[in-house]
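Written out below as structure tokens is the structure these notes cover.
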Amino acid sequence: MRYGEGGGLTAVERTRREALRLEAARLFEQGLLSDAEIGRRFRVTRMSVNRWRRAWQSGGTAALASKGAGGAKCKLTDDQVILLDEALELGPAAHGWTQDQRWTLARIAEVIWDLFSVSYTPAGVDVLLHRIGWSVQMPSRRAAERDEQRIDRWRAEVWPTVETPRATWAPGSASRTKPARG
């Protein structure tokens with residue numbers, strides 16, 4: 001899982017990386033390989049291996065153990081996050097914003113406060129939304145009064161008369177001084 005898909009490494013990926021560091025610690029104890037050689041073996045940079053070696057020298061193998069998921073803990077429980085996702089799916093109108101049908105970070109922070117009495121900054125809301133799979137979107141700017149059937153009928157009846165095919169098979173030219181060759 002990448003950062004944009006949920007905010008960090010999965011437990012499986014953290015375990016895999018921890019195993020690499022612990023294997024590197026075994027190689028450090030042997031003292032046979034340089035940082036560059038260990039880096040090539042594990043397909044990581046020499047600087048990463050150097051950081052691992054310094055941590056190992058100061059704290060032993062335990063210093064290379066995973067410290068768990070990074071970042072601040074989510075203020076909402078897993079159940080609350082599910083409820084928030086469902087509330088956002090209802091749209092802004094369901095929460096009182098009928099004039100402008102767009103979610104903003106401030107509006108979502110207000111919904112979180114109304115539902116759970118938990119305060120979020122706009123930046124915190126942004127992180128939370130990415131964690132649950134929402135992304136920033138530009139609104140489609142379609143009118144609420146849009147009539148799809150009338151649009152389809154216009155496309156079928158009027159547009160073919162407006163859109164005329166080119167009168168010639170030759171390539172056209174917008175240049176007044178250099179006409180297209182035929």
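Results, tabulated for the structure shown:
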{"item": "Index of the failed condition, Gly96 passing every other in (1) open to solvent by 40 Å² or more (accessible area, probe 1.4 Å); (2) touching a residue at least 12 places away in the same chain (Cβ under 8 Å)", "result": "(2)"}
{"item": "Number of the condition not met by Arg2 [criteria: (1) modelled with pLDDT of 90 or more; (2) open to solvent by 50 Å² or more (accessible area, probe 1.4 Å)]", "result": "(1)"}
{"item": "Restricting the stretch 99-141 to residues that are loosely packed, with under 11 Cβ neighbours inside 10 Å and among the polar types (S, T, N, Q), the residue that is nearest to the chain's Cα centre (by Cα)", "result": "Ser135"}
{"item": "Test: residue in the stretch 49-65 that is within 30 Å of Gln30 (Cβ to Cβ) and outside any helix (DSSP H, G or I)", "result": "yes"}
{"item": "Qualifying residue in the stretch 119-132 (condition: free of Cβ contacts under 8 Å to residues at least 60 places away in the same chain and farther than 25 Å from Ala69 by Cβ)", "result": "no"}
{"item": "Test for Arg26: is it basic (Lys, Arg) and farther than 30 Å from Glu145 by Cα", "result": "yes"}
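The rows are residues; the columns are (1) closer than 30 Å to Val118 by Cα; (2) touching a residue at least 24 places away in the same chain (Cβ under 8 Å); (3) open to solvent by 40 Å² or more (accessible area, probe 1.4 Å).
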{"residue": "Arg26", "(1), (2), (3)": "no, no, yes"}
{"residue": "Ile38", "(1), (2), (3)": "no, no, no"}
{"residue": "Arg43", "(1), (2), (3)": "no, no, yes"}
{"residue": "Met47", "(1), (2), (3)": "no, no, yes"}
{"residue": "Arg51", "(1), (2), (3)": "no, no, yes"}
{"residue": "Ser58", "(1), (2), (3)": "no, no, yes"}
{"residue": "Ala65", "(1), (2), (3)": "no, yes, no"}
{"residue": "Lys73", "(1), (2), (3)": "yes, no, yes"}
{"residue": "Leu90", "(1), (2), (3)": "yes, no, yes"}
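The values are calculated or read from the model by the stated rules, or taken from the named source; none is laboratory data. Everything numeric in this text was worked out from a predicted model, so none of it was measured. Heads up, the Cβs are rebuilt from the backbone with ideal geometry, glycines too, and the neighbour counts pull from every protein chain shown. Just the protein is used for accessible areas: all its heavy atoms, side chains included, with ligands, DNA and RNA removed. Shrake-Rupley method; radii C 1.70, N 1.55, O 1.52, S 1.80 Å.
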